[in-house]
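The values are calculated or read from the model by the stated rules, or taken from the named source; none is laboratory data. If you're wondering where the values come from, they're calculated on a predicted model, not measured in any experiment. Positions of Cβ are backbone-derived with ideal geometry, glycine not excepted, and every protein chain shown enters the neighbour counts.
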Amino acid sequence: MTIALVITAAFMVIEFAGGLLSGSLALISDSGHMLTDTGALALSLFALWLARRPADSKRTFGYYRIEILAALINGVFLWVMVLFIFREAYLRLLLPARIHVGGMMLIGALGLLVNLAGMAILHRSQKENLNVRAAFLHVLGDALGSLGVILAGLVILLTGWTKADPIAGILIGVLILYSSWGLIKEAVHILLEGSPAHIELEEVRTSILEVGGVRGVHDLHFWTLTPKVILLTAHVVTDFEDCDPDPLRRMIEEMLAEKYCIDHTTIQIEKEECLEEKRRMTAVRNPAAHMGHRH
């Protein structure tokens, strides 16, 4: 992440200067995008550092969610930047500017190489960490921007049609919106305590019911702390005569860890006769609710 940050920040300055000298909106818009990327990478790096802080009495799960917040902020930054690109592209379509194609394409090609290097650095970790994925998408957006600059330069060089430059800026913006939507959606889902996208609740319930001795499952909840950390709580009903619930609990925990990579679980074991007694007591205290439940 640090290497990607240094590379992006250094080339941002070069690309902005090149855009001013060549008069290319695609180049200037891409340098502006790289400015947001520099801030995004710095934010992601800070979030990764902060997330390593240990849990305390006020934040018993630690600071893992800082990474998700950083990812959401980075996604929103991308959308704000796109609005500025669209505005400037509209103005350039109304009043086309003179463009120095040679300098524009040279800097675009250098930018593409720099961004591909950044993507290679971040690629391995982006599948496991939403915050790193946000940084990866920023760099991917830069790579698409550089590619758009090169293509616009070729069109202008071959046809003299200068409106290709702002149109390339618009296309870059659309691609950035598309690539960042999934990131924002997933970050919001995690912050709302949503269940893991790759695991179905009923599938987990069925797997628990298949463990020997389990007769029922209720109050089953599972949610995502980060894409790699899944938490689960459940009440499990059993007809085991053994008063010690630990063996059954361990069997369920081992199954969840092996099959779904869910390591942070809270399983409450209930005897079947105890559950029936609890239902009878509830019916005595609240007959109307019990009748409605039976109906």
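Tally up the residues in region 71-114 that are touching a Leu at 6+ places or on another chain (Cβ under 8 Å) and among the β-branched types (V, I, T), please.
4
Within region 180-200, is even one residue charged (D, E, K, R), surrounded by 14 or more Cβ atoms within 10 Å (Cβ to Cβ) and assigned by TED's automatic domain parsing to the domain that holds E270?
No, because not a single residue in region 180-200 is charged (D, E, K, R), surrounded by 14 or more Cβ atoms within 10 Å (Cβ to Cβ) and assigned by TED's automatic domain parsing to the domain that holds E270.
Let me confirm something: among I176, I190, I184, which residue is in contact with a strand residue (DSSP E or B) (Cβ under 7 Å, 6 or more places away or on another chain), under 30 Å from W223 (Cα atoms) and in a helix (DSSP H, G or I)?
On the way: I176 fails: in contact with a strand residue (DSSP E or B) (Cβ under 7 Å, 6 or more places away or on another chain); I184 fails: in contact with a strand residue (DSSP E or B) (Cβ under 7 Å, 6 or more places away or on another chain).
After ruling out the rest, the residue left standing is I190.
Report, by residue number, each residue of region 99-117 that is of a type outside the set (A, V, I, L, M, F, W, C) and part of a helix (DSSP H, G or I).
Within region 99-117, the subset of a type outside the set (A, V, I, L, M, F, W, C) is 100, 102-103, 108, 111, 115.
Hits for region 99-117 are G102, G103, G108, G111, N115.
Restricting to region 159-173, and then to whatever is among the small types (G, A, S) and part of a helix (DSSP H, G or I), can you tell me which residue is farthest from D142 (Cα to Cα)? Before the answer, list the steps.
Step one: list which residues in region 159-173 are among the small types (G, A, S), which gives 160, 164, 168-169, 173.
Subset that is part of a helix (DSSP H, G or I): 164, 168-169, 173.
Values: A164: 18, A168: 13, G169: 12, G173: 11 Å.
Looking at residues that are among the small types (G, A, S) and part of a helix (DSSP H, G or I), I get A164.
Please find, within region 220-261, the residue that is nearest to the chain's Cα centre (by Cα) out of those that are within 21 Å of S195 (Cβ to Cβ) and assigned to a loop (DSSP other than H, G, I, E, B).
P227
Quick one: in region 203-219, which of the residues that are out of contact with any helix residue (DSSP H, G or I) (no Cβ under 8 Å at 6 or more places or on another chain) and in a helix (DSSP H, G or I) is farthest from D246 (Cα to Cα)? I'd like the intermediate steps shown before the answer.
Let us first name the residues in region 203-219 that are out of contact with any helix residue (DSSP H, G or I) (no Cβ under 8 Å at 6 or more places or on another chain), namely 203, 205-206, 209-210, 218-219.
Then keep just the ones that are in a helix (DSSP H, G or I); that gives 203, 205-206, 209.
Details: E203: 23, R205: 19, T206: 21, L209: 17 Å.
If we take residues in region 203-219 being out of contact with any helix residue (DSSP H, G or I) (no Cβ under 8 Å at 6 or more places or on another chain) and in a helix (DSSP H, G or I), then E203 is farthest from D246 (Cα to Cα).
Is there a residue in region 209-217 that is free of Cβ contacts under 8 Å to residues at least 40 places away in the same chain, exposed (fewer than 15 other Cβ atoms within 10 Å of the Cβ) and assigned by TED's automatic domain parsing to the domain that holds S44? Lay out the reasoning, then the answer.
Step one: list which residues in region 209-217 are free of Cβ contacts under 8 Å to residues at least 40 places away in the same chain, which gives 209-210, 212-214, 217.
Keeping just the survivors that are exposed (fewer than 15 other Cβ atoms within 10 Å of the Cβ) gives 209-210, 212.
When the remaining residues are screened for being assigned by TED's automatic domain parsing to the domain that holds S44, the result is none.
Checked against the condition, which is being free of Cβ contacts under 8 Å to residues at least 40 places away in the same chain, exposed (fewer than 15 other Cβ atoms within 10 Å of the Cβ) and assigned by TED's automatic domain parsing to the domain that holds S44, region 209-217 yields no hits at all.
I'd like the full set of residues that are assigned to a helix (DSSP H, G or I) and in contact (Cβ under 8 Å) with a residue 24 or more places away in the chain, limited to region 126-141. Walk me through how you get there before you give the answer.
As a first pass, look at region 126-141 and keep what is assigned to a helix (DSSP H, G or I): 126, 130-141.
Residues satisfying the conditions are L130, N131, V132, R133, A134, A135, L137, H138, V139, L140, G141.
Can you name the condition, by its number, that A197 falls short on among (1) of a type in the set (A, V, I, L, M); (2) assigned to a helix (DSSP H, G or I); (3) out of contact with any strand residue (DSSP E or B) (no Cβ under 7 Å at 6 or more places or on another chain)?
(2)
Got a sec? Which of L147, L175 is over 21 Å from the mean Cα position of the chain (by Cα) and under 27 Å from L45 (Cβ atoms)? Don't jump to the end; show me each part of the working.
Values: L175 fails: over 21 Å from the mean Cα position of the chain (by Cα).
So the residue among L147, L175 that is over 21 Å from the mean Cα position of the chain (by Cα) and under 27 Å from L45 (Cβ atoms) is L147.
Which of the residues that make up region 39-66 are over 20 Å from M81 (Cβ atoms), part of a helix (DSSP H, G or I) and not hydrophobic (A, V, I, L, M, F, W, C)? Spell out the reasoning first.
We begin by selecting, within region 39-66, every residue over 20 Å from M81 (Cβ atoms); these are 48-66.
Filter once more, keeping what is part of a helix (DSSP H, G or I): 48-51, 65-66.
Within region 39-66, just R65 meets the criteria.
Scan region 52-63 and report the pairs whose first residue is outside the structural domain of N131 (by TED's automatic domain parsing) and farther than 23 Å from T265 by Cβ and whose second residue is at pLDDT 80 or above and of a type in the set (A, V, I, L, M), with Cβ atoms within less than 7 Å and a gap of 6+ or a chain change.
From residues that are outside the structural domain of N131 (by TED's automatic domain parsing) and farther than 23 Å from T265 by Cβ, there are no pairs.
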